[in-house]
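To start, the structure under review is shown below, and the notes come after it.
The values are calculated or read from the model by the stated rules, or taken from the named source; none is laboratory data. As the structure is a computational prediction, the values presented were derived from the model and not from experiment. Quick reminder, even Gly has a Cβ in these numbers, built from the backbone with ideal geometry, and neighbours come from all protein chains shown.
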Amino acid sequence: MKQFRIPAAFIRGGTSNAIVFHQKDLPKDRAQWDAIFLAAIGSPDPNGRQLNGMGGGISSLSKICIVGPSTHPDADIDYTFAQCAVRDAAVDYAGNCGNMSSAMGPFAVDEGLVAVEGGEALVRIHNTNTNKIIHSRFPVDEGMAAVDGVLMLPGVSGTGAPVRMEFVEPGGAGSGALLPTGNVVDMLDVEGLGSIEASLVDAANPGVFVAAESLGVVGNEMPADLDADTDLMARLQAIRKAGAAAMGLKFSPALPMIGFVAPPMDANLLSAETVPEADGDLVGRMVSMGNIHRALPLTGTLCMTVAARIKGTVVNRVARTVPDPNDALRIVQPSGVIHCAADVIQLDGAWHAVKAGVLRTQRRLFDGYVYIPASSVAAYGS
């Protein structure tokens, strides 16, 4: 059978890559989307390489973004995120990708979806997965999103123009509450493991956070070494499942996220460099679609930062105390140090996340058409 082609762009956002579609170019029947996305990205692939598609064999390179007109009064565009599994025929819409969010504003400007004047753009993004608003500010060069700049991201070669991301009122993105159980720490009854202390926090995406020492690890191990520890990965999955139940969430391949944290320490990076203890406030690792992330998922970073600002959480207890809580938190992850800020306050005795922000870079890598085998999507094009 022949192939169908769909207009698309291939874009790096932060430390992720994704195929980006206009919603108008996809079938109105969303039941057809999964098959299209899986065929485009090259999943399922039992070899874990996605050679028959645009994916890169790991979760951060197996993503789809869909952009369309805004359906929210406080936004300029709608943006839907789809996480494609690598080895399985699964597409997860449960949460957002913070890294790819950084490319959505520039995409909207470059595609003429949002008009800009002057040297800076502000695009208000409605993420349909979480029903949250993100403000994206970035420089503009001759009416197009600027690419050249001096901002360097850990895990990304070269430098780029900064995209200032502000997640507005990020609490309750998945569960409806910043602290879904009402507690800063919970004792989870984990099948096969017994009781495990965890902090269940929902900001930008819901996350389950445990102390590295409770897992019997230091916290600064390399992702490949952690992935190879099948017992550890199984325990993390069991804790994630228990956390989902406690948060009242449907357990999905992507959510809730799970991460473990440790106090500041010297940490080796994937680049073979070493970050000294003094250059970080916290050491963190997170699981993404069954594997340890080679950096940190951006929404996971935001959630971890918010958790660090809530007194008594597992994250707060191990993070370095800083004089000004509004200063950016320096999280040491496998690719370097990420700086993330969060404005978290108490209102009538309850914790409230006002906003969380981070800087990213983005770059359109190519655009044109992505080809979909008709045999993969029999109904498409009819």
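Below is a table of values for the structure above.
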quantity	calculated
Residue, farthest from the chain's Cα centre (by Cα), within segment 256-280, restricted to residues that are of a type outside the set (A, V, I, L, M, F, W, C) and buried (at least 24 other Cβ atoms within 10 Å of the Cβ)	Gly280
Filter result (closer than 20 Å to Ile292 by Cβ and outside any strand (DSSP E or B)) within segment 320-340	Pro334, Ser335
Scan of segment 197-229 for residues that are within 17 Å of Leu298 (Cα to Cα) and in a loop (DSSP other than H, G, I, E, B), ordered by number	Ala204
Sole exception among (1) touching a residue at least 40 places away in the same chain (Cβ under 8 Å); (2) exposed (fewer than 15 other Cβ atoms within 10 Å of the Cβ) for Ala108, by number	(2)
Among residues of segment 29-56, those that are among the basic types (Lys, Arg) and either closer than 16 Å to Val67 by Cβ or crowded, with 21+ Cβ neighbours inside 10 Å (or both), counted	1
Scope segment 142-196; condition under 21 Å from the mean Cα position of the chain (by Cα), under 21 Å from Lys132 (Cβ atoms) and either assigned to a loop (DSSP other than H, G, I, E, B) or small (Gly, Ala, Ser) (or both); matching residues	Glu169, Pro170, Gly171, Gly172, Ala173, Gly174, Ser175, Gly176, Ala177, Leu178, Leu179, Pro180
Filter pass, Met144 being out of contact with any Pro (no Cβ under 9 Å at 6 or more places or on another chain), surrounded by fewer than 15 Cβ atoms within 10 Å (Cβ to Cβ) and among the hydrophobic types (A, V, I, L, M, F, W, C)	no
Meets criteria (under 30 Å from Lys311 (Cβ atoms) and in contact (Cβ under 8 Å) with a residue 60 or more places away in the chain) for Leu178	yes
Any chance Asp343 is surrounded by fewer than 17 Cβ atoms within 10 Å (Cβ to Cβ), under 18 Å from Glu221 (Cα atoms), at pLDDT 95 or above and not assigned by TED's automatic domain parsing to the domain that holds Leu151	no
Residue identified as surrounded by 21 or more Cβ atoms within 10 Å (Cβ to Cβ) and either over 26 Å from Gln23 (Cα atoms) or among the aromatic types (Phe, Trp, Tyr) (or both) among Leu188, Leu151, Leu193	Leu188
Hits in segment 144-183 (condition: among the small types (Gly, Ala, Ser), at pLDDT 95 or above and within 21 Å of Arg12 (Cβ to Cβ))	Ala145, Ala146, Gly149, Ser157, Gly158, Gly160, Ala161
Which numbered condition Asp78 fails, given (1) touching a Phe, Trp or Tyr at 6+ places or on another chain (Cβ under 8 Å); (2) closer than 30 Å to Asn291 by Cα	(1)
Hits in segment 246-255 (condition: buried (at least 22 other Cβ atoms within 10 Å of the Cβ) and assigned to a helix (DSSP H, G or I))	Met247
Residue pairs meeting the criteria (Cβ under 8 Å; at least 6 apart or on separate chains; first without any contact (Cβ under 8 Å) to a residue 40 or more places away in the chain, in segment 34-51; second of a type in the set (Ser, Thr, Tyr) and buried (at least 17 other Cβ atoms within 10 Å of the Cβ))	Gln50/Ser43; Gln50/Ser62
